[in-house]
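Notes for the one structure printed next.
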Amino acid sequence: MKNLSNFNLLIIILLFSSCRQQPFTGTVHIIPYSNQIAIGTQYRPIGKNLSIYLSPESGMDKDYIEDLLSDTGVKCKFTNFKWIADLTFDIKPDTIGLEGYRLVSNDYGTKITASDTKGLFYGLQTFRQLITSQNNTLVIPFVEIADSPKFLWRALMLDEGRYFKGKEEVKKLLDEMARLKMNTFHWHLTDDQGWRIEIKKYPLLTKIGGKRDSTQIGSWNSNIYDGKVHEGFYTQEEIKEIIDYAAKRQITIVPEIEMPGHASAAIAAYPQLGTEKQSIKVPTRFGVQYHAYNVADPKVIQFIKDVLDEVCNLFPSETIHIGGDEVPKGSWTGSPLCHKFMEEKGMKDTHELSEYFLENITEMLSKKGVKTSGWQEVALHHSPEVNARIAPRFAGVYCWSTIGKRDIVPYTVANEGYDVILCNVNNLYIDLAYNPHKDEPGLTWGGYVNEFTSFNILPYNIYCSARENTAGEKNNLKTAGKGKIQLTEQSRPRIKGVQAQLFSETIGSFDMVQYYVFPKIFGLVERGWNAYPEWSPVPNDDKQALYEKARAIYNAKIAEIELPRLAADGFNFRVAQPGIKIVEGKLYANSPIPQAEIRYTTDGSEPTATSTLWEAPVDCSATVVKAKLFYLGKESLTTDYKND
């Protein structure tokens with residue numbers, strides 16, 4: 001972070017200027033919190049008509065600004081005269097670094113400067129969060145902010161291979177990402193259970209591969225199916241529309257086209273792509289499927305090249321994600337064609353065949369000026385020679401394995417020369433269930449993820465990112481990294497960012513997408529911007545007190561600002577259930593959201609919004625108590641308590 005010029009003087013100005021104003025009595029809640037901020041004691045009324053000046057090189061979109069600020073009650077008027085504007089946006093080279101901005105608000109208005117358009121855009125998001133009401137008037141406090149993100153990759157992955165959502169739903173998600181200063185949308189468009197992107201040269205990919213007869217429901221081991229046809233895909237025109245929509249919100253879209261595994265939908269459309277050359281149906285069951293591309297067949301490689309040609313022409317992203325995970329090796333070991341090819345090439349095993357394919361595809365994309373991305377499997381178990389050849393071709397290896405003995409994977413991959421995107425399963429797999437509650441939806445194979453586990457991720461102290469193990473037992477943070485591979489100083493710049501994963505095996509509706517994303521995503525938002533929290537444990541100090549303080553502030557932002565905003569925008573979100581307990585004949589309760597109502601029953605019935613309101617410890621001799629939290633029109637799952 002650059003030192004702020006005359007920063008102390010500016011603080012004095014903020015504190016003592018405009019003494020005729022009433023003191024600012026509001027609270028400043030910004031997500032993600034700004035790196036450096038000085039808040040004055042005064043404020044400036046901004047009224048409902050805000051004059052805005054955009055410098056010619058700002059790149060800011062007027063329609064977007066008007067739409068964003070309209071939610072606060074502000075009406076925008078744009079002017080070509082900077083000196084009369086209430087809010088100005090200016091590009092100034094070397095202001096503070098990539099995607100950073102400075103925001104100064106005082107008696108003379110609010111000025112936002114940045115080195116690039118993204119910085120101005122994020123300054124706008126902060127300005128929106130600063131607007132508050134005081135004495136029935138819209139105001140903004142006197143403030144100076146110097147702010148920039150630690151990571152230039154702050155991402156969310158949406159899996160539509162399993163369940164198609166639609167362009168309007170994707171746009172809504174992009175809107176929320178933009179408000180939270182996220183800059184990358186990883187779009188998982190193909191998988192075993194569906195192909196969701198139009199490829200003009202191969203129309204059967206969507207005609208056949210984009211449709212399945214039924215869908216497994218419940219867990220991966222379930223034998224229950226819904227018996228309903230599920231289908232859908234995006235035309236190339238729709239994809240262009242979404243790309244443009246995202247670009248106006250400073251979001252890059254990275255498409256994922258799975259290969260060589262997770263290819264059943266494509267093989268159902270074109271059976272000659274598989275090792276068996278036999279017709280199959282688009283799978284209705286989730287989990288890893290047997291079928292994979294026959295990478296020993298030049299015609300299959302040509303198919304992949306054709307697909308990537310169209311994908312690269314559509315997406316302006318500097319990288320294409322190829323998946324590369326969970327390849328069913330049995331598909332290759334059982335193939336005479338693969339065996340013959342391996343013998344001809346002198347390959348000893350299928351790992352060498354996968355390396356051959358990987359080198360081929362990364363070179364193919366490299367010649368197009370596009371880097372490759374993939375899940376962690378693409379970077380594992382290679383020789384130093386192979387790593388040296390392919391690592392420079394990768395924009396990011398998405399490392400998710402952070403539980404058990406494989407928690408060394410992210411730092412191992414970075415130390416071997418690959419750029420890494422942290423996708424920690426126990427912090428950022430937001431499709432996992434919030435907690436073990438019997439009615440809580442979601443998978444549990446990697447533990448549980450909520451808004452606090454996402455907040456806990458420590459990119460440069462990864463072994464302390466899990467404060468509990470998958471069994472719910474507390475980890476010893478002082479010794480968590482003892483004896484494990486550490487990130488070398490040389491490799492630290494290779495940690496490029498953080499990404500939340502929303503795989504959709506259990507998420508059929510957009511309503512449930514919102515339920516899983518909010519409030520879990522807020523933790524990633526904080527850590528993508530501020531990667532070095534002061535509460536990061538060290539071997540002789542777990543810094544628990546600092547952590548508890550930071551967590552409380554973070555929780556207050558969510559409860560007081562973000563959830564009400566989501567409710568006003570018509571978004572779904574999860575409300576956590578209350579805690580209840582009977583001690584010495586009195587019923588005690590607590591709420592993770594202080595503003596919420598706790599309603600309870602003692603007759604075994606489910607609580608409703610009209611059930612008894614818990615406000616303080618109350619006499620209770622009931623054998624069963626049920627309680628729910630009610631907040632902003634939402635209700636939690638039921639907490640059951642048996643008084644034995």
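The values are calculated or read from the model by the stated rules, or taken from the named source; none is laboratory data. Remember, predicted model here, so these are calculated numbers, not experimental data. So basically every Cβ, Gly included, is an ideal-geometry build from the backbone, and we count neighbours across all protein chains shown. What goes into the accessible areas is simple: the full protein's heavy atoms, side chains included, and nothing from ligands, DNA or RNA. Shrake-Rupley method; radii C 1.70, N 1.55, O 1.52, S 1.80 Å.
Things to note:
- Estimated FRET transfer efficiency when R0 is 41 angstrom, pair K48-L632 (beta carbons, to 0.05): 0.95
- For the stretch 349-493, the share of DSSP beta bridges that are antiparallel, to the nearest 5, is 10%.
- One quarter of the surface of the convex hull around the alpha-carbon atoms of the stretch 501-570 equals 6.3 nm², the direction-averaged projected area.
- Dipole of the chain, positive end: most advanced residue of L422, A178, F89 [Cβ charges, Cα centre]: F89
- Residue-normalised accessible area of the stretch 365-478, expressed per residue, 1.4 Å probe, Å²: 37
- Degrees separating the helix 336-345 axis from the principal Cα axis of the chain, which is the longest one: 90
- K367 versus K329: modelled label distance in nm, points set 7 Å from Cα along the beta carbon direction: 3.0
- Surface composition of the stretch 359-468: carbon plus sulfur atoms hold 52% of the accessible area, using a 1.4 angstrom probe and ignoring ligands, DNA and RNA.
- Between the stretch 201-270 and the stretch 32-85, the Cα center-to-center distance that results, in Å: 39
- Leading residue at positive end of dipole, the stretch 131-289 (Cβ point charges), from N221, I257, T275: T275
- Accessible surface of the stretch 220-339 [probe 1.4 Å, protein heavy atoms]: carbon and sulfur percent: 51
- Protein heavy-atom accessible surface, 1.4 Å probe, per residue over the stretch 40-91: 50 Å².
- Residues E231 and D349, FRET efficiency given R0 of 45 Å [Cβ-Cβ distance, rounded to 0.05]: 0.70
- Highest mean packing comes first when the peptides 375-383, 340-348, 267-275 are listed by Cβ atoms within 10 Å, giving 267-275, 375-383, 340-348.
- Sorting the Cα pairs of the stretch 153-305 by distance into bins of 10 Å, from 0 upward, gives 11, 38, 32, 17, 2 percent per bin.
- For the stretch 231-364, size of Cβ-based charge dipole, Lys and Arg +1, Asp and Glu -1, in debye: 360
- Compared with the alpha-carbon gap, the fully stretched path from Q36 to S279 is longer by 81.5 nm at 0.36 nm per residue.
- Two numbers describe the Cα atoms of the stretch 139-217: Rg and Dmax, which are 18.4, 59 Å.
- Descending by average beta-carbon neighbour count within 10 Å, the peptides 37-44, 520-527, 403-410 line up as 520-527, 37-44, 403-410, the highest first.
- Between the stretch 390-468 and the stretch 509-568, the alpha-carbon center distance in angstrom: 16
- The chain: relative contact order as a whole-number percent, Cα under 8 Å and 6+ apart: 10
- Magnitude of the charge dipole for the chain, about its Cα centre and with charges confined to Cβ atoms of Lys, Arg (+1) and Asp, Glu (-1), is about 880 debye.
- Restricting the chymotrypsin sites (Phe, Trp or Tyr not before Pro) of the stretch 218-282 to loop positions (DSSP other than H, G, I, E, B) with no more than 15 neighbouring Cβ atoms within 10 Å leaves W220.
- Across the stretch 306-337, the residues whose backbone nitrogen lies under 11 Å from the label position 7 Å along the beta-carbon direction of V288 are 325-331.
- DSSP-defined antiparallel bridges as percent of all bridges, the stretch 63-204, nearest 5: 60
- A convex hull fitted around the alpha carbon atoms of the stretch 357-408 yields 76 Å³ per residue.
- Rolling a 1.4 Å probe over the protein heavy atoms gives the stretch 512-570 an accessible area of 38 Å² per residue.
- Largest-first ellipsoid semi-axes for the chain, taking √(5λ) over the Cα gyration tensor eigenvalues, angstrom: 43, 33, 25
- Basic side chains Lys and Arg get +1 at the Cβ, acidic Asp and Glu get -1 at the Cβ, and with that the dipole of the stretch 217-271 about its Cα centre reaches some 120 debye.
- For the stretch 485-503 versus the stretch 296-360, the gap between their alpha-carbon centres in whole angstrom: 26
- Projecting label points 7 angstrom from Cα along Cα→Cβ for Q272 and V624 puts them 6.4 nm apart.
- Radius, Kirkwood style, for the stretch 179-261 when every pair of distinct Cα atoms is counted (Å): 14.7
- When each of the peptides 458-468, 329-339 is scored by the mean number of other C-beta atoms lying within 10 Å of its residues, the order from highest to lowest reads 458-468, 329-339.
- Nonpolar atom fraction for the stretch 28-123, defined as the carbon and sulfur part of the 1.4 Å probe accessible area, stands at 51 percent.
- Looking at the chain, the DSSP beta bridges with both ends there are about 55 percent antiparallel.
- Length released on extending from Q22 to L337, taking residue separation times 0.36 nm less the Cα-Cα span: 105.3 nm
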